Amino acid sequence: MGLDLVELAMGVESEFRLTMTEAEAGLLNTAGDVHSFVCAKVRNRPSECVSQRAFQALRRVLMAAGAERREVTLDLCLDPKGLDWKALETELGQSLRPLPAASLGSWIRVSLGMARESRTVRELVIALRDQLPGQDWAWTEARVWSRLVKVIAHQFAVSEDLVHRETDFVLDLGAC
């Protein structure tokens, strides 16, 4: 299996949080093959609560920074600027968008020195949850296809319009 196909397999594993053996990857010649493979994998695993996943990742990052496990509750106040966002991205296995700006009222209170810009763990979990892929039961065939097209187009630096179920990675996209 060539480097292009290895990188594609890694991208698919990362996007859908699954693993594939080299033998399985070697059987995936077209986008449709990968789609069928991913659908079978996500269909056969238990659903996952994304809020719980976000909380656990955030707790692991805070514990790595010295917090005690019992201290990390949903009501714990944190300054998001002091959070190790790179470590959190690593824990979650994906890039994160910046948090939404605080409300005008809280910005004024912070500016006047009347309050700190802090958020509770609960607020951070909600913001993180909204950036994570949906629960596994939400991986419909159409949603898998939509995300898969993006992964393939990115990997081969082609337009998403060129990716169809019968697109062959070697013959159509020049994988080596």
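The values are calculated or read from the model by the stated rules, or taken from the named source; none is laboratory data. Remember, it's a predicted structure, so these values are computed and weren't measured experimentally. For neighbour counting, all protein chains shown are included, and Cβ atoms are generated from backbone atoms with ideal geometry for every residue, glycine included.
Taking into account only those residues within the range 135-148 that are among the aliphatic types (A, V, I, L, M) and either loosely packed, with under 14 Cβ neighbours inside 10 Å or not in a helix (DSSP H, G or I) (or both), which is modelled with the lowest pLDDT?
Quick first cut of the range 135-148, residues among the aliphatic types (A, V, I, L, M) only: 138, 142, 144, 148.
From what's left, either loosely packed, with under 14 Cβ neighbours inside 10 Å or not in a helix (DSSP H, G or I) (or both): 138, 142.
On the way: A138: 63, A142: 88.
Looking at the filtered set, the residue picked out is A138.
Considering (1) surrounded by 14 or more Cβ atoms within 10 Å (Cβ to Cβ); (2) without any contact (Cβ under 8 Å) to a residue 24 or more places away in the chain; (3) not assigned by TED's automatic domain parsing to the domain that holds K150, the lone condition that F55 does not fulfil carries the number (2). When V151 is tested against the conditions (1) assigned to a helix (DSSP H, G or I); (2) modelled with pLDDT of 85 or more; (3) in contact with a strand residue (DSSP E or B) (Cβ under 9 Å, 6 or more places away or on another chain), the lone failure is (3). Scanning the range 58-99 for residues that are part of a loop (DSSP other than H, G, I, E, B), within 19 Å of Q131 (Cα to Cα) and either in the same structural domain as E24 (by TED's automatic domain parsing) or at pLDDT 90 or above (or both) returns a single hit, L74.
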